[in-house]
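*Asks:* Here's a structure for you.
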Amino acid sequence: MRILHTADWHIGQTLNSWSREHEHRAFLESLRDLILSERVDALLVAGDVFDGINPSGEAQRLLYGAVADFLRTNPRLQIVMTAGNHDPAQRLEAPEAVLAALGVHVIGTLRQGPEGIDMDRHLIPLRNRTGEIKAHVLAVPFLRAADLPGLQLGAVSGTEPAVTAAARALHLTMTEVATARANGFPLLAMGHLTCAGGLESEGAERRILIGGEHAVPPDIFPPALSYVALGHLHRPQSLDAGRVRYSGSPFPLSAAEIAYEHGVTLLDLDEGFAPRHIPVPRPVAMHRLPARGAAPLAEIAAALAALNLSPDTPRNAQPFVYLSLLADRPVTQIRAEAEALIDALPVRLAGLSITRPEVAAATDAPPPSLSETTPEDLFIAAFQQAHGQEPGSAHLAAFRDAMSEV
């Protein structure tokens, strides 16, 4: 039996107002081809299917069209999809009655009643291509504070924070019930959270805070779980000797992810639970120029020319570029020249920052302590770093008005 683990699609995402639909379509087509070539029996999608809580009609059509395409490719395919922190949980599971009839399970919220967690809903049997049950998956969506049993924010339970203790108790309870029902078959779990030790990236990932905590140790997942398919962190990575794994996002969602080897994770139950990373072709190139720090516009122009860009590339397939410019003349002039340069090339601007040399040098120095600075000084420094120039009188007046209301 083969299981494909993926997550963090972020359908509907834009970069600097540029649509990523072309990339999502290409990824979903690659996923369909993998389902066929790898003879996949079950597809686990561990959250952040959509990029926001109000996905467009086109984003929803893209998702459900892909689901239909997967099932045409393999009518026996089972799909388990859980909500992440970006997803509209209730909207995601709204078509559940129709999808369940097709073997698609959508879990947007943790369903609990007077008897506790609805395990009939959250424990899903997985079948091989001959219809035999070979494993069960414990489908857990993104958890909110109200989902955690007995949680008292800010409290400490024994030797660990209350959030960690509550998350541990929840997974232990669910796993114990699942083990009793699984009849000796392997147990997998799905989740959407940050595990301590996982490598985070800046950009599309948001730090999920519950009671001031954003990470829990991987051992909140009991040893009875043979594999834990996680979403939220976009870098493919394994924890706890591979038992707990992030499949990562399908392609770069921010500049911080350019160097990642994006893809999906394949589990072959006949060969144990050793995860195998399968790279997915990157539909559109993404560059940060320069790779580190900032550079004058002349150097950026030379780096863009070295990319050997094809003028015939369709607009929706043109590379994304993040530019970090060093200000050697007025910022407004540099910005206008940079935008004119980009307009003349077959690229799409994902981000542009302009830094003055003195600001760039200051970033190498340790930050001042709170006793050595003021909120207004910090605002001025942040404004300079973001815009390459000092804030004007209107900006300072707005900041002071805001501070007077604090």
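*Asks:* Within segment 118-132, work out how many residues are open to solvent by less than 50 Å² (accessible area, probe 1.4 Å) and either of a type in the set (Gly, Ala, Ser) or touching a strand residue (DSSP E or B) at 6+ places or on another chain (Cβ under 6 Å) (or both). Full working, then the answer.
*Replies:* From segment 118-132, those open to solvent by less than 50 Å² (accessible area, probe 1.4 Å) are 119, 121-126, 128, 131; that's our starting set.
Imposing the further condition that a residue be either of a type in the set (Gly, Ala, Ser) or touching a strand residue (DSSP E or B) at 6+ places or on another chain (Cβ under 6 Å) (or both) reduces the set to 122-126, 128, 131.
Of the residues in segment 118-132, 7 are open to solvent by less than 50 Å² (accessible area, probe 1.4 Å) and either of a type in the set (Gly, Ala, Ser) or touching a strand residue (DSSP E or B) at 6+ places or on another chain (Cβ under 6 Å) (or both).
*Asks:* Within segment 59-74, is there a residue that is touching a helix residue (DSSP H, G or I) at 6+ places or on another chain (Cβ under 9 Å), under 20 Å from residue 231 (Cα atoms), in the same structural domain as residue 142 (by the TED database) and outside any helix (DSSP H, G or I)?
*Replies:* Scanning segment 59-74 turns up no residue that is touching a helix residue (DSSP H, G or I) at 6+ places or on another chain (Cβ under 9 Å), under 20 Å from residue 231 (Cα atoms), in the same structural domain as residue 142 (by the TED database) and outside any helix (DSSP H, G or I).
*Asks:* Do you know which residues across segment 1-58 are in contact with a Pro (Cβ under 7 Å, 6 or more places away or on another chain), farther than 23 Å from residue 277 by Cβ and in a helix (DSSP H, G or I)?
*Replies:* Passing the criteria: only 22.
*Asks:* Would a scan of segment 213-224 turn up a residue that is over 24 Å from residue 352 (Cα atoms), without any contact (Cβ under 8 Å) to a residue 40 or more places away in the chain and either open to solvent by less than 40 Å² (accessible area, probe 1.4 Å) or among the hydrophobic types (A, V, I, L, M, F, W, C) (or both)?
*Replies:* Scanning segment 213-224 turns up at least one residue that is over 24 Å from residue 352 (Cα atoms), without any contact (Cβ under 8 Å) to a residue 40 or more places away in the chain and either open to solvent by less than 40 Å² (accessible area, probe 1.4 Å) or among the hydrophobic types (A, V, I, L, M, F, W, C) (or both).
*Asks:* Further question on the same structure: Give just the number: which of (1) hydrophobic (A, V, I, L, M, F, W, C); (2) open to solvent by 30 Å² or more (accessible area, probe 1.4 Å); (3) more than 30 Å from residue 351 (Cβ to Cβ) does residue 53 not satisfy?
*Replies:* Going through the list (1) hydrophobic (A, V, I, L, M, F, W, C); (2) open to solvent by 30 Å² or more (accessible area, probe 1.4 Å); (3) more than 30 Å from residue 351 (Cβ to Cβ), residue 53 breaks only (3).
*Asks:* If we only count strands (runs of 3 or more DSSP E) wholly inside segment 179-247, which ones have 3 or more residues that are at pLDDT 95 or above and of a type in the set (A, V, I, L, M)?
*Replies:* On the way: elements: 187-192, 225-231, 237-239, 244-246.
Qualifying strands (runs of 3 or more DSSP E): 187-192, 225-231.
*Asks:* Those residues that are assigned to a loop (DSSP other than H, G, I, E, B), at pLDDT 90 or above and over 16 Å from residue 221 (Cβ atoms), I need them from segment 123-152; list them, please. Reasoning before the result, please.
*Replies:* Here is the first cut: in segment 123-152, the residues assigned to a loop (DSSP other than H, G, I, E, B) are 128-132, 140-144, 148-152.
Now narrow it down to the ones that are at pLDDT 90 or above: 128-132, 140-143.
128, 129, 130, 131, 132, listed by residue number.
*Asks:* Just need a number here: residues in segment 271-327 that are aromatic (Phe, Trp, Tyr) and assigned by the TED database to the domain that holds residue 37. I'd like the intermediate steps shown before the answer.
*Replies:* At the first step, the residues of segment 271-327 found to be aromatic (Phe, Trp, Tyr) are 273, 320, 322.
Cutting the leftovers down to assigned by the TED database to the domain that holds residue 37 gives us 273.
Qualifying residue count for the region: 1.
*Asks:* Residue 332 versus (1) of a type in the set (Ser, Thr, Tyr); (2) modelled with pLDDT of 95 or more; (3) part of a helix (DSSP H, G or I): which is the lone unmet condition?
*Replies:* All conditions pass for residue 332, except number (2).
Residues checked against (1) closer than 30 Å to residue 14 by Cα; (2) modelled with pLDDT of 90 or more; (3) loosely packed, with under 15 Cβ neighbours inside 10 Å:
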residue	(1), (2), (3)
318	yes, yes, no
342	yes, yes, no
347	yes, yes, no
350	yes, yes, no
359	yes, no, no
364	no, no, yes
390	yes, no, yes
400	no, no, yes
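*Asks:* Ok, one more. Would you check which residues across segment 269-294 are out of contact with any Phe, Trp or Tyr (no Cβ under 8 Å at 6 or more places or on another chain), modelled with pLDDT of 95 or more and not in a loop (DSSP other than H, G, I, E, B) and list them?
*Replies:* Selection gives 276, 277, 278, 279.
*Asks:* Residues 151, 143, 123: which one is in the same structural domain as residue 226 (by the TED database) and within 14 Å of residue 224 (Cβ to Cβ)? Steps first, please.
*Replies:* Details: 151 fails: within 14 Å of residue 224 (Cβ to Cβ); 143 fails: within 14 Å of residue 224 (Cβ to Cβ).
The match here is 123.
*Asks:* Do the conditions hold for residue 66, that is, is it within 28 Å of residue 352 (Cβ to Cβ) and modelled with pLDDT of 95 or more?
*Replies:* Details: within 28 Å of residue 352 (Cβ to Cβ): no; modelled with pLDDT of 95 or more: yes.
No; evaluated as a whole, the condition is false for this residue.
*Asks:* Still on this structure: Of all residues in segment 172-192, which are under 30 Å from the mean Cα position of the chain (by Cα) and of a type in the set (D, E, K, R)?
*Replies:* Answer for segment 172-192, where residues must be under 30 Å from the mean Cα position of the chain (by Cα) and of a type in the set (D, E, K, R): just 176.
*Asks:* Same structure again: Could you give me the residue pairs with C-beta distances under 8 Å whose first residue belongs to segment 306-324 and is more than 13 Å from residue 348 (Cβ to Cβ) and among the small types (Gly, Ala, Ser), whose second residue is assigned to a loop (DSSP other than H, G, I, E, B) and open to solvent by less than 80 Å² (accessible area, probe 1.4 Å) wherever it lies, and which are 6+ apart or on separate chains?
*Replies:* From residues that are more than 13 Å from residue 348 (Cβ to Cβ) and among the small types (Gly, Ala, Ser), the pairs are 310/346; 324/290; 324/293; 324/294.
*Asks:* If you don't mind, another one. Take residue 72 and decide whether it is in contact with a strand residue (DSSP E or B) (Cβ under 8 Å, 6 or more places away or on another chain) and of a type in the set (Lys, Arg). Break it down into steps so the answer makes sense when it comes.
*Replies:* Numbers: in contact with a strand residue (DSSP E or B) (Cβ under 8 Å, 6 or more places away or on another chain): no; of a type in the set (Lys, Arg): yes.
No, not satisfied.
*Asks:* Please list, ordered by first then second residue, the pairs with beta carbon atoms under 9 Å, 6 or more apart or interchain, first in segment 226-243 and without any contact (Cβ under 8 Å) to a residue 12 or more places away in the chain, second surrounded by fewer than 18 Cβ atoms within 10 Å (Cβ to Cβ).
*Replies:* none
The values are calculated or read from the model by the stated rules, or taken from the named source; none is laboratory data. Computed from a predicted structure; not experimentally measured. Positions of Cβ are generated from backbone atoms using ideal geometry, with glycine treated the same way; all protein chains shown enter the neighbour counts. The protein model used for the area step is the full one, side chains on, heavy atoms only, and it has no ligands, DNA or RNA in it. Shrake-Rupley method; radii C 1.70, N 1.55, O 1.52, S 1.80 Å.
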